[in-house]
Each structure stands twice: as C-alpha cells, then as structure tokens.
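The values are calculated or read from the model by the stated rules, or taken from the named source; none is laboratory data. Note that the structure is predicted; figures quoted are calculated from it, not measured. Glycine gets a Cβ as well: all are built from the backbone with ideal geometry, and neighbour counts include every protein chain shown. Surface accessibility is based on the protein's heavy atoms, side chains included, excluding ligands, DNA and RNA. Shrake-Rupley method; radii C 1.70, N 1.55, O 1.52, S 1.80 Å.
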Amino acid sequence: MRASKWLGSVAIAMSVCGTAWAEQVGEVGVDWTGNDIIVEAIKDPEVDGVTCHVSYFDRGIIDRLRKGNYFENPSDTAISCNQTGPITIGEIELGEDGEEVFKQGISLIWKEQVVNRIYDKANDTLIYLAHSRQVQDGSAKMSISTVPLYGQKVEWINGKPE
C-alpha cells in the first residue's frame, strides 16, 4: 500500500465520519511523483436519488518528502451532484446553515474534507457545498453543486416544507 494511501486510510479511520460513505470510483495519476486525483461517489443518506461525485488531490510519497508536509493533502475539492434515480427526501435540516452529510480526514489529525447540504426553499433546490475544515485556519477553497427539484417528481417523506 502506497504511503499516501495508508495515510488517507488512517485519517479517514481517525475522523468521525458523517452518515454518508464515499466509494472510490476513479484514480488518475497526474505526474511521475505519485500524485493522484481521487474521484469518489457519495450518496446523500437522507435524499435517495442524488449522488455527488467529489474529487481531491492525493499527494504521493515523493511529493510529501520533497515539500516536507508529510501528513496532509491540499484543501482543493471539486463536487458535482446529480439526480441518479427517483428523488425521495427524508429528514433534512431546513435552516440556512444546512446539514453536514459527509466528512473525511485529509490530514493525520486536524483537516477534514466536508460536504454540506442546504435546501434553498425559494428556488426549490438542493445545494451541496464541498470545503475543507481546519482547526487552526479555515480554508476559502470550496466547490458548489446544485440539484434543482422544480418540475421533478419528488417525494417528501414528511411532506414538502411550506
């Protein structure tokens, strides 16, 4: 197992995961030093029929040794969410700060990659925000994706919010 893969596994195991789990669906090598871009699929645990694909940079061992930052990956994350089946919405948070649906460690201890879901009631849209969270310094690097519900056949388990 490559050192960066081991580090990623340890970081994921050490973080307290949200209710969603990521499944790796792609890995693209980007250079000769072992750096990769990882693509994972994340199914929203409270919204059936929506899948998000998140990509992030996984530093290889040579890059870690060369740059001296051994225990973390960069904060860069991209996200794209789409309808992948009939949409059924369960218990979701409706406040403007939304709800964390996924997180995983991207450093040995302190940095996490997070996906939040926000419901935009006025536009009948689910918003998914991918960002990283650090204990010391926040990160301004983020990515956003939307899943419009307008005109779709959507089942709300507890009734659509008015």
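The accessible area of I79, taken with all protein chains in place and a 1.4 Å probe, comes to roughly 20 Å². Computed extension length for V25-E91: 21.0 nm, one decimal, from 0.36 nm per residue of separation with the Cα-Cα distance subtracted.
Projected label points at R66 and W32, each 7 Å from Cα along the beta carbon direction, are separated by 1.0 nanometres. For the pair K141 and A122 in one chain, pulling the backbone fully straight at 0.36 nm per residue adds 4.2 nm over the alpha carbon distance.
A cut-off under 11 angstrom between Cβ atoms defines the neighbours of I157, and their net charge, with Lys, Arg +1 and Asp, Glu -1, is -3. Going by accessible surface with a 1.4 Å probe and the largest first, V28, V115 read V28, V115.
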